[in-house]
1. Assess whether A44 counts as being in contact (Cβ under 8 Å) with a residue 12 or more places away in the chain and either surrounded by fewer than 14 Cβ atoms within 10 Å (Cβ to Cβ) or under 26 Å from D192 (Cβ atoms) (or both).
2. Report, by residue number, each residue of segment 47-76 that is buried (at least 18 other Cβ atoms within 10 Å of the Cβ), free of Cβ contacts under 8 Å to residues at least 60 places away in the same chain and not in a strand (DSSP E or B).
3. Identify all residues within segment 124-146 that are within 12 Å of the chain's Cα centre (by Cα) and open to solvent by less than 40 Å² (accessible area, probe 1.4 Å); write none if there are none.
4. Given the criterion assigned to a strand (DSSP E or B) and either in contact with a strand residue (DSSP E or B) (Cβ under 6 Å, 6 or more places away or on another chain) or of a type in the set (S, T, Y) (or both), identify the matching residue among V91, V108.
5. Would you confirm, using the coordinates I've provided, whether F5 is open to solvent by 40 Å² or more (accessible area, probe 1.4 Å) and among the aromatic types (F, W, Y)?
6. Suppose we filter segment 105-123 for residues that are over 11 Å from the mean Cα position of the chain (by Cα) and touching a residue at least 60 places away in the same chain (Cβ under 8 Å); how many remain?
7. Which residues, counting only those in segment 118-136, are in a helix (DSSP H, G or I) and more than 22 Å from R77 (Cβ to Cβ)?
8. Can you list residue pairs whose Cβ atoms sit under 9 Å apart, with the first residue in segment 169-196 being over 26 Å from P103 (Cβ atoms) and the second being in a helix (DSSP H, G or I) and among the aromatic types (F, W, Y)? Count only pairs 6 or more apart in sequence or on different chains.
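The values are calculated or read from the model by the stated rules, or taken from the named source; none is laboratory data. These numbers were taken from a predicted model, which means no experiment stands behind them. Positions of Cβ are generated from backbone atoms using ideal geometry, with glycine treated the same way; all protein chains shown enter the neighbour counts. Please note that ligands, DNA and RNA were not included when accessible areas were found on the heavy atoms of the full protein model with its side chains. Shrake-Rupley method; radii C 1.70, N 1.55, O 1.52, S 1.80 Å.
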Amino acid sequence: MDLSFGQWRVRLRPDGPALASAHALRAAMFRGGRPDRDRFDAGAEHLTIHAGDRLAACARLMPQDRAGMLLGYAAERYDLRPLVPAHARAVELGRVCLALPDPELPRVLLAALGRVVAARRATLLYGCASFGPSERAALGRMRPHVARTGPGRASPDAVPLPLSGTGTLPPLLRLYLAFGATVSDHAVQDPDLGTVHVLAMLDRAAIPPARLRSLRALAPEGVPG
C-alpha cells in the first residue's frame, strides 16, 4: 500500500531504507538510541508516513485471528480472553512513533489504519498506549472511557487507574477516545521500555458516524464503515 493524503505519503510494508528509518526512529523514542527489536517484528506489517523526504511517523501492525490475539504483544501484559469471542479478526497496533508535532498527523495515521483494518476485514484495532513521564498525571482522565467488559489483569505490574487526573493525554490516544475507543481499567508499568501504558481498544462498530465521515474526507476509500 502506497497512498497520498495531501502532503503525507503512507507506506505499508516500506522498502529497506524506509524501514531502517522507522527502526531508527523507534530506537530514538523508546530506547534512547539503542536498537529496538523484538520477536514480533519479523511477522508484523510496518507502516510509515512521510512528509516529503522526512519520516513523520511509523507503527507496527499485526493482523490477527482469535488465536493470534492471545499470542501477541499486548497479551503478554493483559488478559485478552474477554475480547476474543467478539472479534474473529483484529489488528494489533504497537511501537507508534510521531516525529512531527503537526496536529493533522495523528488523524492521517488513523485514516491509514482504517484502510488496513478494512482490508483485513478486522473489527478491532487495539494496542498498548504509552504515557511519558509528563503525561502520567492524565491517566485518571480516561475513567469515562473504561471498558465495561474488557481485558483482565494479566501482568504483575498492573496498577489501578487513578480516580481523577490532570494534564494532557497523548495525542493519538486522545484521538482514539474521540472516535469511540475504550481503555482497560488499569495501567501497566513496563520496565522494559521504562513507561506506563493502558490497553486501548477501538471497535469499528463504535465509531460515531460524524467521526467516520471526517476520516473519509482524508481517505475516501477503504475506511471502515
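1. On the way: in contact (Cβ under 8 Å) with a residue 12 or more places away in the chain: yes; either surrounded by fewer than 14 Cβ atoms within 10 Å (Cβ to Cβ) or under 26 Å from D192 (Cβ atoms) (or both): yes.
Taking the combined requirement at face value, the residue satisfies it.
2. M69, G72, Y73, listed by residue number.
3. L124, L125, Y126, G127, C128, A129 - these are the residues of segment 124-146 that are within 12 Å of the chain's Cα centre (by Cα) and open to solvent by less than 40 Å² (accessible area, probe 1.4 Å).
4. V91
5. No: the conditions fail for F5.
6. Taking segment 105-123 first, the residues over 11 Å from the mean Cα position of the chain (by Cα) are 105, 107-108, 111-112, 114-123.
Within this subset, residues satisfying the condition of being touching a residue at least 60 places away in the same chain (Cβ under 8 Å) are 105, 107-108, 111-112, 114-119, 122-123.
The total comes to 13.
7. We begin by selecting, within segment 118-136, every residue in a helix (DSSP H, G or I); these are 118-119, 133-136.
The answer is A118, A119, S134.
8. Final answer for the pair search is G194/F30.
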